[in-house]
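Here the structure is laid out as structure tokens; the discussion comes afterwards.
The values are calculated or read from the model by the stated rules, or taken from the named source; none is laboratory data. Just so you know, these numbers come straight off a predicted model, no measurement behind them. Using ideal geometry, Cβ is built from the backbone for each residue, glycine included, and neighbour counts are taken over all protein chains shown.
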Amino acid sequence: MRASSFEHPHPSPSLVDAYLQAMAPFWHPVCPTAHLGTDPMPIELLGKRLTIVRLDGRITVFSDLCPHLGAALSLGSVVEGRFLRCPYHGWSFDGMGRCVDIPARRGLSIPAATRAETFPSTEAHGLLWACLAPPARYPIPEFPELSDPRFHTGPWKEGSPWRASAPRVILSQLDDTHFSWVHPGTIGSAAHPETPNHQVSRTASTVVSRFTVWQRAQAPSVGLGSMAAEQDLFPVSYEIEAGTSSVRIHKQRTDAAFAVFQAVSPVRQDTCRVFWQIARTYDRETGSDPVHDRVQEAILEEDRKVVESQRPWLLPPISAGRIRYLGPCDLPLVEYHRWMEELGVPQM
Ligand code: FES
Ligand SMILES: [Fe+2]
């Protein structure tokens, strides 16, 4: 049966493989570290099943595959706080992946090559990050507002997974020309649908877009304050910094600043988890966090609806006729897209 044009065929297995491989040499967020308990936790990253577990106080990211007969290590248990034991025949592994116990042949030495596969991981900004093809090509993205005392920070949040590829999700957050169309009740203004002038630049590991737009003052976390009437509009300066698996949005008005950091975990070529956290210099009460979070959540849900409808699943080549957005106002998207091409992230 032929797929309808809306369903659009998934990329071929070889293209999917190429995508997953191109994305592998980056640090990717895996989960907030506060979500880790004492039991092994299964997760999926770039189509690979992993097990995360804290051994001897340190987090280890294992392939979720016992080297003996391939059982899922995530079904296993932590013994003595130091070892991960497979649920099938009890082989145990230390935090380096070394096999330290084979119950069926105790008394015999264990060959050094008997190991479970592990991957580099590190904690940053309250998230666990992992790299499937080390060495990581870029450092972990920065979120300077988290350590800036002027900012109050809320908790890490996550909605349901997005049915989209990571570049599609990231481009949606880098794109500002949809504000009036997708977010008319919050960050968009029907009175100001005109597109701003963008200044676009690159750092060693990000694309940065700067521009100023008019926004309402009153909506929490959006207009940066509640001193004016709802209909009053103020110029708000944006800085949006997009990495290979993150987007940092910083908004500044004269008297207030707001930032949201979004960490995009590519589960598969067509699925992402999006973790996000808000920082703000105003309304600094922890009790106000849910109000600001609700607005951000609503904005992301508005984005998600459109992003999940986008086809093809992977980006089309920038030279393809299917790309209709090559106007000057779309400079940030073009620059990010160009970077993805340079990194060899395949397109279809
Ligand atoms: S499959 Fe893990 S110990 Fe046998
Ligand atoms: Fe949006």
### Task
State all residues of the range 285-309 that are more than 17 Å from the chain's Cα centre (by Cα) and either of a type in the set (A, V, I, L, M, F, W, C) or within 13 Å of ligand 2 (Cβ to nearest atom) (or both); if no residue qualifies, say none.
V291, V295, A298, E302, K305, V306
### Message
Suppose we filter P67, P87 for residues that are part of a loop (DSSP other than H, G, I, E, B), in contact with a Leu (Cβ under 8 Å, 6 or more places away or on another chain), surrounded by fewer than 19 Cβ atoms within 10 Å (Cβ to Cβ) and in contact (Cβ under 8 Å) with a residue 12 or more places away in the chain; which single one remains?
### Response
P87
### Task
Spot the failing condition for G188; the list is (1) modelled with pLDDT of 95 or more; (2) crowded, with 21+ Cβ neighbours inside 10 Å, and only one is missed.
(1)
### Summary
Within the range 268-293, restricting to residues that are among the small types (G, A, S) and assigned to a helix (DSSP H, G or I), the one that is surrounded by the fewest Cβ atoms within 10 Å (Cβ to Cβ) is G287
### Query
Among the residues of the range 111-149, which ones are surrounded by 15 or more Cβ atoms within 10 Å (Cβ to Cβ), among the hydrophobic types (A, V, I, L, M, F, W, C) and in a loop (DSSP other than H, G, I, E, B)?
A116, C131, L132, A133, A136, I140, F143
